[in-house]
Structure formats: structure tokens, C-alpha cells
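Beneath this line is the structure, given in C-alpha cells, with notes to follow.
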Amino acid sequence: MISILYKTAAILLLICPLVFILGNVYLSVKLKSKKIELIKSISNAAPKQFKDRASLVMTEQMPWIAGSAIVFIWFSYPILRFIWGIKKDEITQWKVDIKNIFGKFFLIYFITITCVNLGMASILLIIVDESLFSHN
């Protein structure tokens, strides 16, 4: 069972970064003319205490498509909930708003972000496997 999980994680680590990069490039090109409008809309939809940070993440710290996905990244959920103190309902509403903002491009966006989540989970799985189940 561990071997199957390890192999799956390794395959995901090969596929997910490629899908993530291609998805980001595709969406960046397709949405280039609406970039500023989309960033403002996503920032405005963010919970009150996170609006400024949401804008900063999308404009300054990473590609804006990836930055807009912070609410969908699995490891960021506890950060948003417990460090930033954002209520679950506000996070859920922000996700719905982002889905509506991206419209017909949301499926590609969601697949791209799912690959980020699967890639990070794969890294964690491999680390746990290597740490706990040494293959000597």
C-alpha cells in the first residue's frame, strides 16, 4: 500500500507542476486584458481583515493567478481561519465570489489550483514515507 502511495505521489510531483505552470500561463494570457479588474474584484471580495493582503499577494509577491488562489490552497485554510481569524462562512463566500469572478475560466483555474494542492500533499507524503518508513 505504501509503495502505491509513494509511486502515486511521485507521478503527481511530475505532472502537477507542469499543469500548474501551463494553467497559470494560459489564464494569464487569456485574462491579460482583465487582469487589473479581476485583481480588484478578488481583493474586494476578500474578507474585510484580509483585503489589503489579498491585493498585495496578487500584485507583488507572485503571479496574480497563483496569488488569487490562496483561499483554495489547503494549507492556507488554517492560516486564514486561525491566524487571520476569518470565519468559515467568509472563506466560503470568498470562494464562491472568486468562482463567479473567473466565470467560464474557473474550471481551468480550479484544475490548476487542485494540482498545487495535490503536489504539496505529494511532497508531504514522500517526506512522511521517507522519514517513517525507511526503505533500507
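Where a number appears in this text, it was derived from the coordinates with a stated rule and is not lab data. Quick caveat, the model's predicted, so the values are computed rather than measured. Positions of Cβ are generated from backbone atoms using ideal geometry, with glycine treated the same way; all protein chains shown enter the neighbour counts.
Between the Cα long axis of helix 35-45 and the first principal axis of the chain there is an angle of about 90°, rounded to the nearest 10.
Full extension of the chain between Ile111 and Trp74 yields a length gain of 11.9 nm, computed as 0.36 nm times the residue separation minus the alpha carbon distance. What aspartates and glutamates sit close enough to Lys104 to cross-link, taking a C-alpha to C-alpha distance under 17 Å and skipping anything fewer than 8 places away on the same chain? Cα-Cα hits under 17 Å: Glu37.
Measuring r between the beta carbons of Leu56 and Ser131 and using R0 = 35 Å, the FRET efficiency lands at 0.50.
Within the set Lys30/Lys95; Lys34/Lys87; Lys51/Lys87; Lys30/Lys51, which residue pairs have Cα atoms separated by over 19 Å? Beyond 19 Å between Cα atoms: Lys30/Lys95; Lys34/Lys87; Lys30/Lys51.
Only helices enter the 222 nm calculation for the chain: every DSSP H run of n ≥ 4 contributes -39,500 (n - 2.57), and dividing by all residues gives -22000 deg cm²/dmol, rounded to 500.
Computed from Cα positions, the angle between helix 2-30 and the longest principal axis of the chain comes to roughly 20 degrees. If the label point is 7 Å along Cα→Cβ of Lys30, which residues in the stretch 100-118 have backbone nitrogen under 16 Å from it? Counting only backbone N, you get 100-115.
Each Cα pair under 8 Å and six or more residues apart adds its sequence gap; the mean of these over the residue count of the stretch 23-119 is a relative contact order of 33 percent.
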